[in-house]
Structure formats: structure tokens, C-alpha cells
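Below is one structure, written out as C-alpha cells; comments come after it.
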Amino acid sequence: DAGVIQSPRHEVTEMGQEVTLRCKPISGHDYLFWYRQTMMRGLELLIYFNNNVPIDDSGMPEDRFSAKMPNASFSTLKIQPSEPRDSAVYFCASSRHTGRVRNEQFFGPGTRLTVL
Amino acid sequence: AQKVTQAQTEISVVEKEDVTLDCVYETRDTTYYLFWYKQPPSGELVFLIRRNSFDEQNEISGRYSWNFQKSTSSFNFTITASQVVDSAVYFCALSEGLNAGNNRKLIWGLGTSLAVNP
């Protein structure tokens with residue numbers, strides 16, 4: 001399996017620009033997670049989906065952030081307008097549901113976002 | 001409330017030393033899962049192990065071993081005969097309540113940065 005795929009791997013943009021991060025989960029996985037990692041705040045869960053439906057978006061910082069999952073093999077995280085404090089590494093992860101078992105999450109390589 | 005504490009922010013050892021990374025968790029749930037992940041300098045997060053609360057057997061995988069003790073709410077990770085390639089940040093995580101239905105959140109510790117020096 002190819003693993004979780006994220007693009008782009010690096011993004012440098014200017015404040016005020018729109019940024020779109022992309023994720024392709026592992027085939028057959030029905031959960032998809034978006035995380036943000038910074039030195040100050042560690043690893044933060046932003047939102048997660050089950051079968052393409054958002055389950056919990058309580059971690060989304062503010063209205064500038066939005067996430068979609070139009071189908072089982074693709075998700076986007078959009079920031080509009082971007083701000084310097086959004087600079088971070090954004091990870092996408094996926095996992096497979098098996099009853100009441102909590103399976104591990106498999107992470108993509110991350111997108112390093114720098115907002116100037 | 002669920003919480004994961006990794007009290008050791010940074011550890012530095014010399015190659016071939018044994019090292020233990022501590023993880024203490026808090027939960028009101030009787031059924032839960034614990035995880036360890038590794039984040040090497042390249043940045044990706046790599047799954048190492050999952051343990052459910054019903055299984056208190058210790059686990060060994062090569063130079064890695066895990067000690068799960070419900071009595072002290074700890075899930076410690078030991079690397080035996082450490083190597084330079086073990087240098088990474090290690091995260092401990094806890095699943096939220098299995099009684100919470102569809103909840104799939106992980107509660108993450110802040111990580112322990114391990115430096116293994118030659």
C-alpha cells in the first residue's frame with residue numbers, strides 16, 4: 001500500500017493568501033484525521049472524518065480553516081486567509097474501523113507550511 | 001478528563017545505554033487503548049505499538065519493550081542497547097472512551113526528545 005499521501009510537502013505563501021493542503025488516505029480506511037504540529041503547542045487534532053462525514057471539528061482554530069472530504073480517497077484542508085501564526089506542519093492520518101477496537105492511525109509525511 | 005503526561009522533555013544517552021521513556025495517563029474509562037509513536041528527524045510519525053487496557057502483558061519487540069501497569073496508570077517504553085538511529089521524539093497517546101460511540105480522538109503527550117550520541 002502507498003501509505004497516506006499528502007501534497008504539497010512544503011508550502012511557502014504570503015499572509016492573506018489562500019492555502020489548500022491535500023490528503024489521500026490509505027485505501028479501505030474509513031477515518032481521516034487532520035493534525036497541526038508546532039513547537040509551542042505540540043500535536044493538535046483539528047478535525048476528523050468518518051466515512052467522509054466530519055465527526056468532530058472542535059479543534060479547528062477559527063473560521064479561516066475549513067476541511068472537506070468529498071470522497072473516500074481525498075480530503076482538503078483550506079486556510080483562507082492565511083496568517084503567519086498558521087505556520088506549522090500539517091499532518092493527515094487515516095485509520096480503519098473495526099468494531100470497538102481502536103486501531104492505530106497511519107500518518108502522512110506532513111506538509112510544512114510557512115506563511116510570511 | 002483524559003490526559004497523557006510525558007514528564008521527560010529531553011533525554012540524552014550514549015550509544016548502547018538502556019533508556020526508559022515514561023508515560024503516565026489519566027482516564028475515567030475502564031476500557032481504553034494506549035499507543036506509542038516515533039517521530040525521527042525526518043519528521044514522519046511512525047506507529048510503534050498499541051495496547052488495550054485489558055492486556056497488561058509486557059511486550060517486547062527486538063530492542064524495544066513496553067511495560068504497562070494499570071495500577072500506576074503508566075505505559076513506559078524501554079530501548080535496550082540504544083543506537084544513534086533511535087534518536088527521535090517519542091509520543092505516547094491515549095484513546096478516548098470506547099463508551100463514547102464513534103469517538104476516535106487520541107489524547108497525545110507532548111513527547112520526549114531522545115538523543116543517542118555515538
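Here are a few things to note about the model shown:
- Test: B:Asp86 is at pLDDT below 95 and either farther than 21 Å from A:Ile47 by Cα or within 14 Å of chain A (Cβ to nearest Cβ) (or both): no
- Of the strands (runs of 3 or more DSSP E) lying entirely inside segment B:12-118, those carrying at least 1 residues that are without any contact (Cβ under 8 Å) to a residue 24 or more places away in the chain are B:46-52, B:59-61, B:64-69.
- Look at segment A:86-102: where a residue is part of a loop (DSSP other than H, G, I, E, B) and a partner is surrounded by fewer than 22 Cβ atoms within 10 Å (Cβ to Cβ) and modelled with pLDDT of 95 or more, sitting 6+ places away or on another chain with Cβ atoms under 7 Å, you get A:Ser87/A:Leu113; A:Ser87/A:Thr114; A:Ser87/A:Val115.
For (1) polar (S, T, N, Q); (2) in a loop (DSSP other than H, G, I, E, B); (3) modelled with pLDDT of 95 or more, each residue gets a yes or a no:
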| position | (1), (2), (3) |
| --- | --- |
| A:Gly16 | no, yes, yes |
| A:Trp34 | no, no, yes |
| A:Leu43 | no, no, no |
| A:Ile55 | no, no, no |
| A:Ser58 | yes, yes, no |
| A:Asp63 | no, yes, no |
| A:Lys68 | no, no, yes |
| A:Ser75 | yes, no, yes |
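- From A:Asp63, A:Asp56, A:Asp30, residue being free of Cβ contacts under 8 Å to residues at least 24 places away in the same chain, surrounded by fewer than 19 Cβ atoms within 10 Å (Cβ to Cβ) and within 12 Å of chain B (Cβ to nearest Cβ): A:Asp56
- Test: residue in segment A:38-45 that is of a type in the set (A, V, I, L, M, F, W, C) and more than 10 Å from chain B (Cβ to nearest Cβ): yes
- Evaluation of B:Pro40 against (1) under 28 Å from A:Gly59 (Cβ atoms); (2) touching a Ser or Thr at 6+ places or on another chain (Cβ under 9 Å); (3) crowded, with 16+ Cβ neighbours inside 10 Å (one fails), failing number: (3)
- Residues in segment A:68-88 that are surrounded by fewer than 20 Cβ atoms within 10 Å (Cβ to Cβ) and either within 12 Å of chain B (Cβ to nearest Cβ) or under 16 Å from A:Pro8 (Cα atoms) (or both): A:Phe74, A:Thr76, A:Lys78, A:Ser87.
- Residues of segment B:30-45 that are more than 11 Å from chain A (Cβ to nearest Cβ) and modelled with pLDDT under 95: B:Thr30, B:Pro41.
- Filtered residue count, segment A:6-19, keeping only those that are over 11 Å from A:Pro81 (Cα atoms) and among the hydroxyl-bearing types (Ser, Thr, Tyr): 1
- Selection from segment A:89-116 of residues that are under 12 Å from the mean Cα position of the chain (by Cα), more than 7 Å from chain B (Cβ to nearest Cβ) and under 23 Å from A:Asn50 (Cβ atoms): A:Tyr90, A:Cys92, A:Ala93, A:Ser94, A:Gly108, A:Thr111
The values are calculated or read from the model by the stated rules, or taken from the named source; none is laboratory data. Just so it is clear, the structure is predicted and the values come from calculations on it, not from any experiment. So basically every Cβ, Gly included, is an ideal-geometry build from the backbone, and we count neighbours across all protein chains shown.
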